[in-house]
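First comes the structure, then the notes that go with it.
The values are calculated or read from the model by the stated rules, or taken from the named source; none is laboratory data. These numbers were taken from a predicted model, which means no experiment stands behind them. Cβ atoms come from the backbone with ideal geometry, glycine included; neighbour counts cover every protein chain shown.
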Amino acid sequence: MIPIDNGVTLDERELEESFIRASGPGGQNVNKVASAVQLRFDVRRSPSLPQSVRERLERLGGSRITQDGVLVITAQRFRSQERNRQDALARLIALIRRAATPPVPRRRTRPSAAARQRRLTEKTHRSRVKRERGSMPDE
């Protein structure tokens with residue numbers, strides 16, 4: 001079990017790892033060793049996550065979510081397979097933590113009377129400056 005946040009834990013059996021060859025520099029290593037990790041997590045069918053977290057995670061996942069609701073994280077930052085595995089898992093946990101915190105509802109506020117007055121005064125001032133800029137006084 002992988003602890004996430006607020007009593008939410010993730011079962012390791014829900015994660016699917018596959019190893020692919022990484023792109024970029026790395027010498028001969030890049031052509032021989034599959035050091036990049038592709039971590040797959042089925043968001044829609046996960047029994048570990050509450051429904052609200054699942055919905056937020058799908059929105060946060062963006063283009064990393066397939067049409068079937070599978071979150072795909074590719075990690076190829078490091079040359080070793082193990083460090084890429086840790087990186088992919090850390091990124092998944094961070095994403096789920098972000099989805100686990102509910103958004104703070106926006107409270108509507110009103111500008112104060114003084115702020116409204118300052119805005120109107122500034123508009124009048126700008127209007128006067130622009131009006132005087134347009135015409136040259138007759139001499």
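Determine which member of the set Val33, Val72 is surrounded by 14 or more Cβ atoms within 10 Å (Cβ to Cβ), touching a Ser or Thr at 6+ places or on another chain (Cβ under 7 Å) and not hydroxyl-bearing (Ser, Thr, Tyr).
Only one candidate passes the filter, namely Val72.
With respect to Ser52, is the statement that it is hydroxyl-bearing (Ser, Thr, Tyr) and either farther than 17 Å from Asp5 by Cβ or in a loop (DSSP other than H, G, I, E, B) (or both) true? Explain how you work it out, then say what you get.
Numbers: hydroxyl-bearing (Ser, Thr, Tyr): yes; either farther than 17 Å from Asp5 by Cβ or in a loop (DSSP other than H, G, I, E, B) (or both): no.
In short, no.
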(request) Check segment 97-110 and report whether any residue there is over 36 Å from the mean Cα position of the chain (by Cα), farther than 30 Å from Leu15 by Cα and among the β-branched types (Val, Ile, Thr). (result) no
(message) Restricting to segment 56-107, give me the number of residues that are closer than 26 Å to Val33 by Cα and modelled with pLDDT under 85.
(response) 7
(request) Please list, ordered by first then second residue, the pairs with beta carbon atoms under 6 Å, 6 or more apart or interchain, first in segment 115-130 and surrounded by 10 or more Cβ atoms within 10 Å (Cβ to Cβ) and at pLDDT 95 or above, second in a helix (DSSP H, G or I) and among the hydrophobic types (A, V, I, L, M, F, W, C). (result) none
(request) With the checklist (1) of a type outside the set (Asp, Glu); (2) touching a Ser or Thr at 6+ places or on another chain (Cβ under 6 Å); (3) modelled with pLDDT of 85 or more in hand, flag the one item Met1 doesn't pass. (result) (3)
(request) Name every residue in segment 93-114 that is in contact (Cβ under 8 Å) with a residue 60 or more places away in the chain and surrounded by fewer than 10 Cβ atoms within 10 Å (Cβ to Cβ), in order of residue number. (result) none
(message) Pull out all pairs, ordered by first then second residue, where Cβ-Cβ is under 7 Å, the residues are six or more apart or on different chains, the first lies in segment 70-92 and is more than 18 Å from Ile4 (Cβ to Cβ), and the second is surrounded by fewer than 16 Cβ atoms within 10 Å (Cβ to Cβ) and among the aromatic types (Phe, Trp, Tyr).
(response) Gln81/Phe19
(request) Could you grab me the full set of residues in segment 63-120 that are in contact with a strand residue (DSSP E or B) (Cβ under 7 Å, 6 or more places away or on another chain) and part of a loop (DSSP other than H, G, I, E, B)? (result) Thr66, Gly69, Gln76
